[in-house]
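First the structure, in the form of structure tokens, and then the observations on it.
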Amino acid sequence: MQAETYDALIIGGGPGGSSAATYLARAGKKVLLLEKEHFPRFHIGESLLPYNQQLFREMGLMPALKAAGFTRKFGAQFHLGNASKGTKFVFSRGRFTREPEAMQVERSKFDHVLLKHAAGAGAEVREGWTVGKFTNTGDTVTINATSDTGQPASFTGSFLIDASGRGNLTGNQEGLRVIHPRLKKLAVFGHFEGVKLDDGDPGGDTVIVRLDNKWFWIIPLARDKVSIGCVMDKDEFTRLKMPPTEVFNKMWESSAYMRDRLQNAKLLNQIQTTGDFSYRNRRFVGPRLLRVGDAAGFMDPIFSAGVFLAMFSGKLAAQTVIESLNAGDDGARRLAAYEKRVQHGMKFYWEMVENYYTTPFMEIFLEPREKWNLASAVNAVLAGELEGGWSMRWRMRLFFWIIKLQARFPLVPRISFD
Ligand SMILES: Cc1cc2nc3c(=O)[nH]c(=O)nc-3n(C[C@H](O)[C@H](O)[C@H](O)COP(=O)(O)OP(=O)(O)OC[C@H]3O[C@@H](n4cnc5c(N)ncnc54)[C@H](O)[C@@H]3O)c2cc1C
């Protein structure tokens with residue numbers, strides 16, 4: 001069978017894949033994106049970061065996203081499950097933050113807007129095609145795929161971008177996935193109406209509620225449709241031997257803060273579960289291959305950074321491929337630079353997530369102080385500022401150092417989860 005040839009092949013039409021496709025197509029490159037599902041399709045991951053907006057503007061997506069009428073998000077709130085303490089970050093107040101607001105999105109709608117946009121930019125998008133194996137032949141990369149009508153085909157490209165999300169197609173094929181030993185989590189979630197939301201702008205905030213060894217998200221997709229989920233240890237879920245709905249109810253009923261928010265709530269769909277294991281591939285690139293978004297690494301979603309990181313890396317991957325195609329080489333050095341930049345971006349969140357599960361982190365985090373503009377630096381990271389330079393870097397180092405100190409000497413009051 002004769003393989004069709006492209007400048008770039010992309011596996012997956014989530015935010016990472018469709019962003020990469022848009023940038024490549026806009027640069028006049030011949031790009032094929034294969035997506036196994038038919039859009040619109042459900043996807044978890046509904047709270048975006050302010051720095052997504054920059055990418056939306058650059059990609060020309062704003063009119064379509066505004067027309068979709070997504071909820072505006074101006075901040076993020078963090079509370080203890082026993083309602084004894086909480087804090088609010090307002091993005092416009094961050095000294096280092098350049099974007100004052102974000103969006104809360106139903107991913108079925110949002111991902112569809114992005115995929116259609118990629119097709120409109122000139123990318124060839126085929127839905128209902130599942131990619132199987134990839135082979136690197138030196139000057140090209142070939143993928144085998146099957147349509148959902150059972151038709152097999154192979155496609156050849158100068159470069160391959162793996163945006164297969166947690167399916168982690170090429171990382172799994174090469175045995176590169178390393179699962180975080182302490183972050184083997186599971187999420188139990190559903191959509192609700194009648195959830196108690198704040199009035200005015202804070203009504204669009206993401207609300208994170210931390211219990212001792214688990215946490216909830218409250219994401220207002222609309223005033224009458226709120227996404228609520230609980231992230232807990234997979235082992236605890238297994239030990240409970242209860243249906244997901246019962247587990248979910250047991251968990252929120254154990255929290256005074258959640259009881260207040262959910263007192264009149266009604267489930268709109270079904271309680272679902274999904275694995276939530278944090279992992280990273282040992283390499284983000286291979287010969288003529290770049291991994292973006294969750295296909296590079298996935299981390300516990302406390303800070304809602306997944307979609308932003310997918311789009312950020314999708315854009316960088318596209319730029320790397322465009323420059324390499326223009327230079328007419330395999331781009332090995334550019335791919336190495338891509339990996340370094342994406343690793344650096346992910347590192348910030350990875351460290352935040354690892355710390356989040358410790359009590360000293362929560363103690364410092366729930367008492368934001370503007371001394372040395374530390375709270376502003378944290379605010380900027382929460383907004384998606386990945387490349388703020390030295391002024392951000394030293395503040396975040398100091399922030400993590402203060403947490404270490406707090407573990408030994410109480411700089412701020414201790415908290416209790418009881
Ligand atoms: C419980 C939970 C809550 C989350 N909450 C948030 C949040 O609030 N905010 C946030 O930003 N992120 C959140 N995330 C993370 C977010 O969902 C992801 O980081 C984001 O979707 C990554 O985008 P992506 O494009 O890399 O992958 P995906 O969005 O997963 O897209 C990958 C696409 O590839 C397709 N695909 C897979 N395999 C193949 C194949 N073999 N052939 C063809 N197509 C294939 C899939 O069908 C899919 O459409 C959450 C994640 C979890 C698990």
task: Kindly provide log₁₀ I(q)/I(0) values, in the same order as q = 0.06, 0.08, 0.09, 0.12 Å⁻¹, from the Debye equation applied to equal alpha-carbon scatterers of the chain.
output: -0.24, -0.44, -0.55, -0.98
query: Which of 320, 22, 170 moves the most in a Gaussian network model of the chain with Cα springs under 10 Å?
result: 320
field: Per-selection metrics, segment 47-161 (Cα): Rg and Dmax in Å
entry: 20.4, 60
- line: Applying the gyration tensor rule to the Cα atoms of segment 178-277 (axes a ≥ b ≥ c; rounded if a/c under 1.5, else prolate if a/b exceeds b/c, else oblate), the class is prolate
field: Dipole magnitude of segment 188-242, debye to nearest 20 (Cβ charges: Lys/Arg +1, Asp/Glu -1, about Cα centre)
entry: 300 debye
- line: Once both label points are put 7 Å beyond Cα along the C-beta direction, the residue 173-residue 44 separation in nm becomes 2.7 nm
task: At 0.36 nm per residue, minus the direct Cα-Cα distance, what do residue 136 and residue 387 gain on full extension? Give it in nm, one decimal, please.
output: 87.1 nm
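Can you give the FRET efficiency to the nearest 0.05 for residue 223 and residue 340, using r as the Cβ-Cβ distance and R₀ = 60 Å?
Calculated transfer efficiency: 0.90.
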- prompt: Using +1 on the beta carbon of Lys and Arg, -1 on that of Asp and Glu, and nothing else charged, what's the dipole of segment 178-277 about the Cα centre, debye to 20?
  reply: 380 debye
statement: Expressed in nanometres to one decimal, the distance between label points 7 Å along Cα→Cβ at residue 153 and residue 367 is 6.1 nm
query: Taking Rh as the Kirkwood radius computed over C-alpha pairs, what is the Stokes-Einstein D of segment 357-408 at 10 °C in a medium of viscosity 1.306 mPa s, expressed in µm² per second?
result: 141 µm²/s
- prompt: Counting other C-beta atoms within 10 Å, which of 116, 66 has the fewest, and how do the rest follow?
  reply: 66, 116
query: Most mobile of 95, 182, 291 per a Gaussian network model of the chain (Cα springs, under 10 Å)?
result: 182
query: Okay, helix-only estimate at 222 nm for the chain: each DSSP H run of n ≥ 4 adds -39500 (n - 2.57), divide by all residues, round to 500 deg cm²/dmol; what do you get?
result: -11500 deg cm²/dmol
- request: Provide Rg and Dmax in Å for segment 173-217, with only Cα atoms included in the calculation.
  value: 16.5, 50
query: Label-point separation (nm) for residue 236 and residue 83, each offset 7 Å from Cα along Cα-to-Cβ?
result: 2.0 nm
query: Could you give me the ³J(HN,Hα) list for segment 284-299, computed from phi with Karplus coefficients 6.51, -1.76, 1.60 and θ = phi - 60°, whole Hz, x at Gly and Pro?
result: 9, 9, x, x, 6, 10, 10, 9, 10, x, 5, 6, 8, x, 10, 10
statement: With R₀ set to 25 angstrom, the calculated FRET efficiency between the beta-carbons of residue 95 and residue 405, to the nearest 0.05, is 0.60
- request: Arrange the peptides 184-190, 122-128 so that the one whose residues have, on average, the most other Cβ atoms within 10 Å appears first.
  value: 184-190, 122-128
Karplus (6.51, -1.76, 1.60) ³J(HN,Hα), θ = phi - 60°, over segment 125-132, in Hz, Gly and Pro reported as x: 10, 10, 8, x, 10, 9, 7, x
Highest average packing first - 45-54, 399-408, 226-235, Cβ atoms within 10 Å: 45-54, 226-235, 399-408
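Bear in mind that the values in this text are calculations on the coordinates, not laboratory data. Remember, it's a predicted structure, so these values are computed and weren't measured experimentally. FYI the Cβ positions are ideal-geometry reconstructions off the backbone, even for glycines, and counts take in every protein chain you see.
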